[in-house]
Amino acid sequence: MAAHKNNLCQEAERIKEELQPYFGHYSMECPYGLPFQAVYNQALFDSIPDFIMETYLASGYRRNGNVIYNMHCSWCRACVPLRIAPKDFKPNRNQKRAWNRNQDISVETSPLTCSEENLALLGKFLSARYPGRDSSPLDYYTGFFLNHITNTVEFSYRVGSELIGVAIVDLSTAWLNVVFFYFDPAAGKRGPGTFNILYLIEFCLQQEIQFVYLGYWIKNVKAMSYKAAFKPHQILQDNTWKLVSR
């Protein structure tokens, strides 16, 4: 089994190198509000086998729709890929409280759907978190969430029949990649973001999934800095995953 895994990793790295010429740079205003020009190194794909997607994730790449990308910003290195090994994770006191506070939530896992219920909840979330942005809930689904390059599912969080949160994740037997999480702003005191990550970690622990990829950690951006509170975690620096336990 170990030899087969090693052969797959080597093959994935070889294919990744062959695909590199298809990547190009795309510049835009920093989406996180930092005073730098963001430069995406990206390529559009038709499909990606899980073992190759695993290699891209392990190299710090992210997914946006059918696009795989990483950041090539010349003057900024704020975007730091972060992942968690569920078997090593230890919740802190506040995370344990958030877990206990939300035990009335039921969770359902299903294929990704662009339902009216989901769109309405996402609309509430976007209006509260990003007022004035042009992108609609439907834009998020059609341009960001929906894809045909990897298996994407949703975790729906409910209190009774009321939908209060949805996690969009890419999922394989070896890794889980968190794409986006949105929730009802009225449920904010519950700490739904914390509960979502705790639930996904527990799900991966039960399914023996090796890593949860949380995307970019950005120290000075509040909406992205919270990820560092989940420890131990690993951050990708100088092409090496480094363990952070304190």
**OP:** Output the residues belonging to segment 116-143 that are in contact with a strand residue (DSSP E or B) (Cβ under 8 Å, 6 or more places away or on another chain) and of a type in the set (A, V, I, L, M).
**Re:** 121, 122, 126
Subject >> Number of the condition not met by residue 135 [criteria: (1) surrounded by 12 or more Cβ atoms within 10 Å (Cβ to Cβ); (2) among the polar types (S, T, N, Q); (3) without any contact (Cβ under 8 Å) to a residue 24 or more places away in the chain] >> reply: (1)
Original post:
Is there any pair linking a residue in segment 140-151 that is open to solvent by less than 60 Å² (accessible area, probe 1.4 Å) to one that is assigned to a helix (DSSP H, G or I), with Cβ under 6 Å and at least six apart or on different chains, and which?
Top reply: 150/53
**OP:** Those residues that are among the aliphatic types (A, V, I, L, M) and open to solvent by 40 Å² or more (accessible area, probe 1.4 Å), I need them from segment 189-237; list them, please.
**Re:** 205, 223, 229
**OP:** Check off (1) crowded, with 16+ Cβ neighbours inside 10 Å; (2) over 17 Å from the mean Cα position of the chain (by Cα); (3) under 22 Å from residue 205 (Cα atoms) for residue 86 and give me the number that stays unchecked.
**Re:** (2)
Subject >> Candidate set from segment 153-174 (those that are touching a residue at least 40 places away in the same chain (Cβ under 8 Å) and under 11 Å from the mean Cα position of the chain (by Cα)); member that is surrounded by the most Cβ atoms within 10 Å (Cβ to Cβ) >> reply: 170
**OP:** Could you grab me the full set of residues in segment 77-91 that are part of a loop (DSSP other than H, G, I, E, B) and of a type in the set (D, E, K, R)?
**Re:** 77, 87, 88, 90
Original post:
Do you know which of the residues in segment 17-76 that are assigned to a loop (DSSP other than H, G, I, E, B) and of a type in the set (A, V, I, L, M) is most open to solvent (accessible area, probe 1.4 Å)?
Top reply: 34
**OP:** Kindly list the number of the only condition in (1) crowded, with 18+ Cβ neighbours inside 10 Å; (2) within 20 Å of residue 172 (Cα to Cα); (3) modelled with pLDDT of 95 or more that fails for residue 118.
**Re:** (2)
Original post:
Taking segment 98-115 as the search range and keeping residues that are open to solvent by 70 Å² or more (accessible area, probe 1.4 Å) and touching a strand residue (DSSP E or B) at 6+ places or on another chain (Cβ under 9 Å), which one is farthest from residue 181 (Cα to Cα)?
Top reply: 104
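The values are calculated or read from the model by the stated rules, or taken from the named source; none is laboratory data. Small disclaimer: the values here were computed from a predicted structure and weren't measured. As a convention, Cβ positions derive from the backbone with ideal geometry for all residues, glycine included, and neighbour counts pool all protein chains shown. Note: accessible area is taken over every heavy atom of the protein model, side chains too, but ligands, DNA and RNA are not part of it. Shrake-Rupley method; radii C 1.70, N 1.55, O 1.52, S 1.80 Å.
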